[in-house]
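Read through the structure below, which is laid out as structure tokens, and then see the notes.
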Amino acid sequence: EFRSKANALGRNVMMGLRECIDKVENDPNLRGMVIGNEGKNFSVGANLGEMAMAASQGAYDVIDQYIDEFQDTVQQVRYATKPVVAAPHQRTLGGAAEISMACPHPVADAETYIGLVELGVGLIPAGTGTMRMAAKAAREAPNDNHSAIQAHLREYFETVAMAEVAEGAAEGVEMGFLPDNTRIVMHEDRRLYAAKQEVLRLSEQGYAPPPVMNKIKVLGEKTLATFKVALMQYREGNYITEYDEFLATKLGTVMTGGELSSPQYVHEDYLLELEREVFLSLLGEEKTQERINHMLQHNKPLRN
């Protein structure tokens, strides 16, 4: 359980989560772990205040280390040798959504409003979320054809680019923010009990973590060019700002695998590095810093 302000995922919270997983893995008397709380919201995501402070001081090496640690912690949730079950409820945004996305067997309250909203503050998801959406598109496509994957990828790209939030757990599954096997609990006061039962069920079955994704098919520059044309049309129609277009292009660059001239298979770590690099570069942008400060001061996004 974490109980920071707005349940934000600051560095200390994430380090605590790592310690807990290590303790569970190394104690033969523990069967697994539930990540949950009884706050107003599960979590509004990473601690923007920490990042804004570090960025204003030019401490980008500190931020890089923080993002690296954040990604590693989320990956530990996914690949722990004992079941780790996230139990989200109400607003589950940004980094909190990424924890729920990474969890192989989440148990969500029916009223879970989940989404990757980072573009609203001038960033992209960099806690494994961008990588996971690209991997999901490739996995769900009926075949390996470029056009088949692109159709799925575009849908997820638009969802993240528009910072869409699901209106409930069932829609969260449809939008790709929660896995298809998510257990949805209708009564909020049963959520943590149901999550504990899920840990026990998985443990009794003989739990094995999911395999590492070492062959994610990414589509390269051709698909990125298609996304850029669509973004240009949105901007010319005044649906998005010039900076929205810039941010969405950065997101598309990661989701298509970076500067690749043709489609190819990559390891998940390759995409994690890409999303971290882009996130760091965006933190240095003046308009991103304006968006972050506006969110911290007024608790609503700035369209600049």
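The values are calculated or read from the model by the stated rules, or taken from the named source; none is laboratory data. Just so you know, these numbers come straight off a predicted model, no measurement behind them. With ideal geometry, Cβ positions are generated from the backbone for all residues, glycine too; neighbour counts draw on all protein chains shown. Just the protein is used for accessible areas: all its heavy atoms, side chains included, with ligands, DNA and RNA removed. Shrake-Rupley method; radii C 1.70, N 1.55, O 1.52, S 1.80 Å.
Here Thr256, Thr226, Thr159, Thr182 are screened, and the one residue that is touching a residue at least 12 places away in the same chain (Cβ under 8 Å), out of contact with any Cys (no Cβ under 8 Å at 6 or more places or on another chain), polar (S, T, N, Q) and open to solvent by 50 Å² or more (accessible area, probe 1.4 Å) is Thr226.
On the basis of being open to solvent by 30 Å² or more (accessible area, probe 1.4 Å) and assigned to a helix (DSSP H, G or I), does Glu290 make the cut? Against the criterion (open to solvent by 30 Å² or more (accessible area, probe 1.4 Å) and assigned to a helix (DSSP H, G or I)), Glu290 qualifies. For Arg303, the stated conditions hold: it is open to solvent by 60 Å² or more (accessible area, probe 1.4 Å), of a type outside the set (A, V, I, L, M), in a loop (DSSP other than H, G, I, E, B) and over 30 Å from Val85 (Cβ atoms).
Residues in segment 221-242 that are part of a loop (DSSP other than H, G, I, E, B) and over 26 Å from the mean Cα position of the chain (by Cα): Gly237, Asn238.
Assess whether Tyr265 counts as being at negative phi, modelled with pLDDT of 95 or more and assigned to a helix (DSSP H, G or I). Considered against the rule, which asks whether it is at negative phi, modelled with pLDDT of 95 or more and assigned to a helix (DSSP H, G or I), Tyr265 comes out as no.
Exactly one residue among Lys300, Lys222 is more than 30 Å from Pro104 (Cα to Cα) and in contact with a Pro (Cβ under 9 Å, 6 or more places away or on another chain), and that residue is Lys222.
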